[in-house]
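Following: one structure in structure tokens, then a few remarks.
The values are calculated or read from the model by the stated rules, or taken from the named source; none is laboratory data. Values in this document were obtained by computation on a predicted structure and should not be read as measured data. Reconstructed Cβ throughout: ideal geometry from the backbone, glycine too, with neighbour counts over all protein chains shown.
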Amino acid sequence: MDERGWTDVEERIEAALRNRSPALRRQLCLLIQVLDWMPLLRYGRRFSALGAEARAAVLRRLQRSPALVLRRGFWGLRTLVLLGYYGRPEARRAIGYRADPGGWEARRRTTAGEGKGDEA
């Protein structure tokens, strides 16, 4: 993604967190700090300084962590990242996602409008 794409992701995540409690936002910040420092013991570097392969290994371990609090935090953080990425119109178009907040009725109107003028 380009810089604008990353900015869009960050803005969507920030919007999702805006309505959350200050306590939850503090917990999320703490989790991110913990995740950044955890690899220091194993790799001698913080997460932010690891290469892609080592980062992926750390994330795989975290998603299966025996510590429930880490697993829950990881999956919550993952959900925010997916919301930020796939909430962008470009990503929705790229994967062919055409759901509409108006539900099936709005979808039917859109689909009916697409076929007009195609008859020859």
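A search for C-beta distances below 8 Å between a residue of segment 83-106 that is β-branched (Val, Ile, Thr) and any residue that is assigned to a helix (DSSP H, G or I) and surrounded by 11 or more Cβ atoms within 10 Å (Cβ to Cβ), counting only pairs 6+ apart in sequence or on different chains, returns Ile95/Tyr86.
It is to be established whether one or more residues within segment 34-44 are touching a Leu at 6+ places or on another chain (Cβ under 8 Å), within 30 Å of Tyr97 (Cβ to Cβ), surrounded by 13 or more Cβ atoms within 10 Å (Cβ to Cβ) and at pLDDT 90 or above. Yes. Among the residues of segment 14-57, those that are of a type in the set (S, T, N, Q) and closer than 18 Å to Gly73 by Cβ comprise Ser21, Gln27, Gln33, Ser48. Inspect segment 67-86 for any residue being among the small types (Gly, Ala, Ser) and either more than 23 Å from Asp8 (Cα to Cα) or in contact with a His (Cβ under 8 Å, 6 or more places away or on another chain) (or both) and give the result as yes or no. Yes, segment 67-86 contains at least one residue that is among the small types (Gly, Ala, Ser) and either more than 23 Å from Asp8 (Cα to Cα) or in contact with a His (Cβ under 8 Å, 6 or more places away or on another chain) (or both). Taken over segment 74-85, the criterion of being surrounded by 15 or more Cβ atoms within 10 Å (Cβ to Cβ) and either aromatic (Phe, Trp, Tyr) or within 16 Å of Phe47 (Cα to Cα) (or both) is satisfied by Phe74, Leu77, Tyr85.
Table: residues versus (1) at pLDDT 90 or above; (2) within 28 Å of Glu3 (Cβ to Cβ).
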position: Ala16; (1), (2): yes, yes
position: Arg20; (1), (2): yes, yes
position: Leu59; (1), (2): yes, yes
position: Arg64; (1), (2): yes, no
position: Arg72; (1), (2): yes, no
position: Arg78; (1), (2): yes, yes
position: Gly96; (1), (2): no, yes
